[in-house]
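Please treat every number below as a calculation from the coordinates, not as lab data. As the structure is a prediction and not an experimental result, all values here were calculated from the model. Neighbour counts run over all protein chains shown; Cβ positions are idealised from the backbone, glycine included.
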Amino acid sequence: MSTILVSNRLPVTLHADQGDVVLKPSAGGLATALGSVHARGDTKWVGWPGDVARLTATERDALDRRLQDARLVPVHLTPSEVQRYYDGFSNGVLWPLCHYLLDKVNLEATRDWVAYRRVNERFADAVAKVTKPGDEVWVHDYQLALVPQLLRLRQPEAKIGFFLHIPFPSAEVFRILPWREDLVRGLLGADLVGFHTAAYAFHFAYAAAQLLGIEPAFDVLKHDERAVRFGAYPIGIDASAFEGLARDENVRADVARIRASAAGKRIVLGLDRLDYTKGIPRRLMAIGKLLDREPGLRDKLHFIQLAMPTREKVDSYADYRRTVNELVGRINGTYGTPTSVPIHLLHRMIGPKELAALYGAADVMLVTPLRDGMNLVAKEYVASRVDDDGVLVLSEFAGAATELQEAVRVNPYDIDGVAAALARAMRMPPDEQRLRMQALRKRVSAHDVGHWARSFLEHLEAASSPMSRRSPAPPPSVTLTRRVEELDSAPELVLLLDYDGTLVPFASMPDLAIPDESLIQTLMALSARPGTQVHLVSGRDRNSLERWFGAVPVGLHAEHGYWSRESIEAPWLSNSDADLGWKDAVRRMLDDVVARTEGSFVEEKTAALGLHYRATEPQLAVRRLDELKARLHGFMKEHGDVEMLEGAKVFEVRLRGINKGIIASRLAQAHPHAAVLAIGDDRTDEDMFAALPERAVTVHVGSGPTRAHYRVGNVVEVRALLDTLRSTPR
Ligand code: ADQ
């Protein structure tokens, strides 16, 4: 079994060199993190190798060989694809949206979206080509959000994991996107979807609930008859490598050199990709503020800001670079002296040793992004502080803040607050520094990148086991089609059919789920077959059934069997004479819930009251149901004749002992030699299946646990099944 890693970029940069090509490892959080998994040796890595347009044919061949040796599978993209899929949609729409920078989101991006989808298709094709049965596929990040679903279409049984390295925003923000449903469906193609924090995971589940009507659950979503697990897998770093570098003699010498050049000042460090999410301008303003407020610190602060250029083709990034440069100029102009300036800005990428030396030299590390999925720099600084000193100032809007509780936390939007936190960090006594840093280091080294990858892949393995991919159906010895053919030749046939979710799909309002003409025709034709009886057994009230099917020669059973009209000539009769005095008190409870719960309403039946909440905000619905159940538990202690029942977005309180099983067993007894076919989709239909004799053919619609012998996917398949029966020659 192999692991197929998939990311937008392969972890290399290309250098053509006189007919040959050299691959150099590239930097960045994702490349480093997955590098440790790829180093295992049983992996392949699919991604874009960078622009190859300028390579000669010989160099292209050399490149292919080098990539193959490194188990890297290239997906070549044209410059216009890169511009639309990467710069346009990924970084011009998804990146700012997921970081809550809404004024930067380009919503006129239809052509970019088309390219995004096309490139995601290309990736799915490339992955499908190298994936063998039993392999696991691990797709990374927002550039490839559609790949899980696209790959699932190509390989339904594939084990697919997805990890999002950036925040999943609040569903309220996510739903701004015109392409929101497609993106959520894209992710739901995976068996396991991972995020840095539990908050992002809940946002995702909530978006799926809001946009696709999927029941929000704690760690699993049911979609397309599959279980999609999701959860928090906070990424770590290679902590021991950073510790090793920090202890390296050359690095220590460099640390001493940096300190000497700071001439006794406190060294404060910022280190980021030059990205507008990283909050560099506000950080600089906070420094300006502090120097203004405390002139005594002007010759005590030596701030080094490394800002690695990134995504320079996207307009907002070029503007950002200008803003940062101007601010540094202004602050240095105001607070500098002829011999020193407070801020040292470097626009370049540095190597691991230089990085380690800077981390080692910094008395204070300022990590103040406006939003950040995790932020590895914070963890790298902590791992590098092998002497347990130094202070980490950390934005509460970085995913890392959830884990790194002992850092000095700041709200990066509050410039005064950041200035005050910096002053506090610069003056923090060594004992307090040690206490905080020890706790931080312990966590960063225990939860390192290896731990992250292992726990995700272990969960992926478990999540995609065949048991969880489809809820198990009992293995029938003959196919359903065969059984239906057998039923067809039986001299006497009884059909028991549920209505909602079985014969018609669910509608937003129960009254809108009306039977269509073709359903009426099917039922008419079935009941006209010699020796055939059709019964609709539903939770609906009798008025609705009478209105829709009054003129159809079928048996009607309303309210899960409280009322029956055995045939078109027969009157409606109640199957129980139990006291219904409990209804008033329950109605008051439900009315009280409805008054406080937008989008809910009460449905009144003879022996039941139903609370419908399909249009209610999903978390509110969960909360209100919990409250209601708690109240009802008390009530039911005194009213043993009442029970609760949860259906699809409806919660029912009804008379105990009345269920579809009563009708099923009565009909089975009345027709002891008849063949029986029963079809239903929810828990109430299980009573019907349970009450039928073993010879009955029982069919469950949809996924989910059932005692039925057979399973079909949806209403369309039920209707097709009934049509076969109707048209099969006897
Ligand atoms: P990034 O936005 O790239 O990652 P981050 O997590 O801080 O942010 O990783 C940056 C990496 O680049 C670090 O390893 C850092 O050492 C390195 N780096 C930064 N500046 C550098 C410089 N001048 N020279 C050399 N190296 C430099 C995205 C998400 C994050 C998430 C990661 C991993 O935006 O929130 O933590 O993926 O999931």
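Can you tell me what share of the DSSP beta bridges in region 1-135 is antiparallel? A percent to the nearest 5 is fine.
If I count the DSSP bridges inside region 1-135, around 45 percent turn out antiparallel.
Using a Förster distance of 60 Å, how high is the FRET efficiency between Arg60 and Glu458, based on the Cβ-Cβ distance and rounded to 0.05?
Details: r = 39 Å, r/R0 = 0.65.
Result of the calculation: an efficiency of 0.95.
Let me check I've understood the local charge: for Met589, count other residues with C-beta under 12 angstrom from its C-beta, Lys and Arg +1, Asp and Glu -1. What total comes out?
Charge balance near Met589 sits at +3.
Could you calculate, for region 583-655, the ratio of the Cα radius of gyration to the Kirkwood radius, expressed as Rg to Rh?
Result: Rg/Rh = 0.93.
Residue by residue, what Karplus-based ³J(HN,Hα) values in Hz, rounded to whole numbers, does region 331-336 have, using 6.51, -1.76 and 1.60 with θ = phi - 60° and x for Gly and Pro?
Per-residue couplings from phi come out as 5, 5, x, 7, 10, x Hz.
Find the relative contact order for the chain and round it to a whole percent, using C-alpha pairs within less than 8 Å whose residues are 6+ positions apart.
9 percent
Counting other beta carbons within 10 Å of each residue's own, what order do Asp641, Asp254, Asp272, Asp17 fall into, fewest first?
The most exposed by this proxy come first: Asp17, Asp641, Asp254, Asp272.
Figure the gain on full extension for Lys129 and Met349 (residue separation times 0.36 nm, minus the Cα-Cα span) and round it to one decimal in nm.
Values: separation 220, 0.36 × 220 = 79.20 nm, distance 3.55 nm.
So the chain would gain 75.7 nm between Lys129 and Met349.
How big is the gap, in Å, between the Cα center of region 252-295 and the Cα center of region 586-614?
Cα centroid of region 252-295 versus Cα centroid of region 586-614: 60 Å apart.
Taking only the alpha-carbon atoms of region 83-172, what semi-axes of the equivalent ellipsoid follow from 5 times the gyration tensor eigenvalues under a square root, in whole Å, largest first?
26, 15, 9
Between Glu396 and Asp584, 0.36 nm times their residue separation minus their Cα-Cα distance comes to what?
Full extension of this stretch gives 62.6 nm more.
Based on the Cα coordinates of region 239-447, what is the per residue volume of their convex hull in Å³? Could the numbers behind the result be given before it?
On the way: hull volume 23.3 nm³, N = 209.
Once divided by residue count, the hull of region 239-447 is 112 Å³.
Seen from all sides and averaged, what is the projected area of the convex hull of the Cα atoms in region 1-75, in nm²?
4.8 nm²
Over 19 Å between Cα atoms: which of Lys24/Lys353; Lys44/Lys313; Lys605/Lys660; Lys222/Lys649 fall into that group? Spell out each step's value before the answer.
Working: Lys24/Lys353 17 Å; Lys44/Lys313 30 Å; Lys605/Lys660 16 Å; Lys222/Lys649 15 Å.
Listed pairs above 19 Å: Lys44/Lys313.
Could you give me D for region 1-140, from Stokes-Einstein at 25 °C and 0.890 mPa s, where the hydrodynamic radius is the Kirkwood radius over C-alpha pairs? Units µm² s⁻¹, please. Kindly include the intermediate steps, with their values, before the conclusion.
Numbers: Rh = 16.2 Å.
Roughly 152 µm²/s, to the nearest whole number.
Would you kindly calculate the translational diffusion coefficient of region 646-730, applying Stokes-Einstein with the Kirkwood radius from alpha carbon pairs, for 37 °C and a viscosity of 0.692 mPa s, and quote it in µm² s⁻¹ without decimals?
234 µm²/s
Among 95-104, 180-189, 49-58, how do they line up by average Cβ neighbours within 10 Å per residue, starting with the highest?
Packing order, densest peptide first, comes out as 180-189, 95-104, 49-58.
Net charge around Val130, counting only other residues with Cβ within less than 15 Å of its Cβ (Lys, Arg = +1; Asp, Glu = -1)?
Charge balance in the 15 Å sphere: +2.
Can you pull the one-decimal nm distance between simple spin-label points at Met1 and Asn250, each 7 Å off the Cα toward Cβ?
About 4.1 nm, to one decimal.
Just rank Ile658, Ile214, Ile237, Ile520, fewest to most, by other beta-carbon atoms within 10 angstrom.
In order of increasing Cβ crowding within 10 Å: Ile520, Ile214, Ile658, Ile237.
Between Thr13 and Glu646, take the C-beta separation as r, use R0 = 60 Å, and let me know the FRET efficiency to the nearest 0.05.
Given R0 = 60 Å and the Cβ-Cβ separation, E is 0.60.
Per-residue HN-Hα couplings for region 240-256, Karplus 6.51 cos²θ - 1.76 cosθ + 1.60 at θ = phi - 60°, whole Hz, x for Gly and Pro?
Once rounded to whole Hz, the list reads 5, 5, 5, 4, x, 4, 4, 8, 4, 4, 4, 5, 4, 5, 5, 4, 4.
How large are Rg and Dmax for region 3-232 when only the alpha carbon atoms are used, in Å?
17.7, 59
How large is ³J(HN,Hα), in whole Hz, for each residue of region 58-65 in order, when computed from phi with the Karplus curve 6.51 cos²θ - 1.76 cosθ + 1.60 and θ = phi - 60°, using x for Gly and Pro?
Karplus-based 3J(HN,Hα) across region 58-65 equals 5, 5, 4, 4, 4, 4, 4, 5 Hz.
Please report the net charge: other residues with Cβ closer than 11 Å to the Cβ of Gly92, K and R +1, D and E -1. Walk me through the numbers before you get to the answer.
Values: positive: Arg84, Lys104, Arg311, Lys313; negative: Asp87, Glu108, Asp112, Asp315.
Cβ neighbours under 11 Å give a net charge of 0.
Can you give the translational diffusion coefficient of region 458-601 in µm²/s, computed by Stokes-Einstein from the Kirkwood radius over Cα pairs at 37 °C and 0.692 mPa s?
Answer from the Stokes-Einstein relation: 174 µm²/s.
Would you mind computing, in nm to one decimal, how far apart the modelled labels at Glu569 and Ala528 are, each placed 7 Å from Cα along Cα→Cβ?
Using points 7 Å along Cα→Cβ, the separation is 2.0 nm.
Rg (Å, one decimal) plus Dmax (Å, integer) for the alpha carbons of region 193-326?
22.4, 66
With N denoting the number of residues in the chain, provide Rg(C-alpha) divided by 2.2 N^0.38 Å, to two decimal places.
Dividing the Cα Rg of the chain by 2.2 N^0.38 Å gives 1.20.
Let me check against my output: what whole-number percent is the relative contact order of region 583-655, with C-alpha pairs under 8 Å and at least 6 apart?
30 percent
Quick one: if the Förster radius is 51 Å, what FRET efficiency do Leu212 and Leu435 give, using the C-beta to C-beta distance and rounding to 0.05?
0.60
Under 17 Å from the 7 Å Cα→Cβ point of Asp299, by amide nitrogen: which residues of region 239-265?
Those under the cut-off are 261-265.
To check you understand DSSP bridge types, tell me what percent of the beta bridges within the chain (both residues inside) are antiparallel, rounded to 5.
Rounded to the nearest five, the antiparallel share is 30 percent.
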